[in-house]
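Data block below; observations after.
The values are calculated or read from the model by the stated rules, or taken from the named source; none is laboratory data. Note that the structure is predicted; figures quoted are calculated from it, not measured. Cβ placement follows ideal geometry from the backbone for every residue including glycine, while neighbour counts extend to all protein chains displayed.
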Amino acid sequence: MSKNEAITKYANLVTVLTFIQDLLDRNGVQWVLVGSLSLAIQGVDVEVHDIDIANNGKGAVRCGELLKEFVESPVEWSEGSEFASYFGQFSIEGVTVEIMGNLHAWEYGQWRDISKRLRNPIHITIGDILVPVSSLKDQLDSYRKSNREKDYMKADAIERVLKKRML
């Protein structure tokens, strides 16, 4: 799937992403798009169901304040078996938006900080907006270390795209 095909297929998510980009950028919140939508707009053929935004802990709390009218679950520290982060969930025009701050993944028996993605995002133009996204290589690394079957499938899809680009 090409970037343009993804933008067309997920037009409702892109509309919400445009709103989020404007809101966060106007308020000086550092953020990066991660997860399936990030993969799709980078040419990876995956199904997308929501928008995943990563930032630091202060950024996640600020996102919660800025998006308070859309809150499904407020931003607070959450620790599960696979991930730990400040986490909040929002619903904007029927689209689920998940905010993660100070994101850590459980890898090889310890928590590993994966918020480095904030320091070196790549930027992709979608219409009139510039979106910071986590690189395919960074996401591949995380998905390969996951214990979830759906993440292994995403890793395989990312590898196919990266191999095509090297040809």
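Just checking, how many residues over the range 46-64 are closer than 22 Å to V14 by Cα and without any contact (Cβ under 8 Å) to a residue 60 or more places away in the chain?
Matching residues across the range 46-64 total 12.
Could you please give the count of residues in the range 56-88 that are surrounded by fewer than 16 Cβ atoms within 10 Å (Cβ to Cβ) and polar (S, T, N, Q)?
3
Which residue, of I20, I41, is within 23 Å of K163 (Cβ to Cβ), buried (at least 24 other Cβ atoms within 10 Å of the Cβ) and of a type outside the set (K, R)?
Matching residue, one of I20, I41: I41.
Among the residues in the range 87-100, are any within 15 Å of the chain's Cα centre (by Cα), farther than 28 Å from N12 by Cβ and of a type in the set (G, A, S)?
no
Okay, residues lined up against (1) out of contact with any strand residue (DSSP E or B) (no Cβ under 9 Å at 6 or more places or on another chain); (2) among the hydroxyl-bearing types (S, T, Y):
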site	(1), (2)
T18	no, yes
V32	no, no
D45	yes, no
A54	no, no
G57	no, no
A60	no, no
E72	no, no
F87	no, no
V95	no, no
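Out of all the residues in the range 78-85, is one or more closer than 26 Å to Y10 by Cα and over 17 Å from the mean Cα position of the chain (by Cα)?
no
Of all the residues that make up the range 111-127, how many are of a type outside the set (G, A, S) and either modelled with pLDDT under 85 or within 21 Å of N147 (Cβ to Cβ) (or both)?
Qualifying residue count, the range 111-127: 9.
Name every residue in the range 1-42 that is farther than 19 Å from F70 by Cβ and of a type in the set (K, R), in order of residue number.
Once the filter is applied, which keeps residues that are farther than 19 Å from F70 by Cβ and of a type in the set (K, R), the range 1-42 yields K3, K9.
Given the structure, is F90 more than 30 Å from K164 (Cα to Cα) and outside any helix (DSSP H, G or I)?
So F90 passes the test.
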